[in-house]
Amino acid sequence: MSVKGSCHCGAIQFEVETGPTELTDCNCSFCAKRGNLVAYYQPSSFKLLTARDRVSTYQWGAYMGSHHHCSICGCGTHGEFPDFSSGEADYDHPRISINVRLLENFDLSPLPVVYLNGRDDW
């Protein structure tokens, strides 16, 4: 069953095919300051329901990933990154990270949280 999410003002809306089964809490400088709690999806499982030109993007460092957010209310909505599950950047298998705090009518409390040490590992 699909799950929808949106930024605070509703200008950016998205949908994922299924609810997350695991959450990731990263302590890298960006995620820590943003308060991120994310779930990862294949690009085919993510659908942006808003026109792409309404989405603002932030990139930094080596420009490996794109952090997307609403230019109106400022909420970070999703990101696009290579798959790092092997320890190396796999650009052939990108992943979408969504801010699970923006999901509508979805209880996150029973889901396991993986803590990622992005501060020291990157």
Of the residues that sit in the range 50-94 and are of a type in the set (Val, Ile, Thr) and in contact with a helix residue (DSSP H, G or I) (Cβ under 9 Å, 6 or more places away or on another chain), which one is surrounded by the most Cβ atoms within 10 Å (Cβ to Cβ)?
THR77
Hey, MET1 more than 26 Å from ASP121 (Cβ to Cβ), of a type in the set (A, V, I, L, M) and either out of contact with any His (no Cβ under 8 Å at 6 or more places or on another chain) or without any contact (Cβ under 8 Å) to a residue 12 or more places away in the chain (or both) or not:
yes
Within the range 34-58, how many residues are under 15 Å from GLU15 (Cβ atoms) and among the β-branched types (Val, Ile, Thr)?
2
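FYI, it's all coordinate maths here, none of it is from the lab. A quick note: this is a predicted structure, and the numbers were derived from the prediction, not measured. Every residue, glycine as well, gets a Cβ built from its backbone with ideal geometry; the counts of neighbours run over all protein chains shown.
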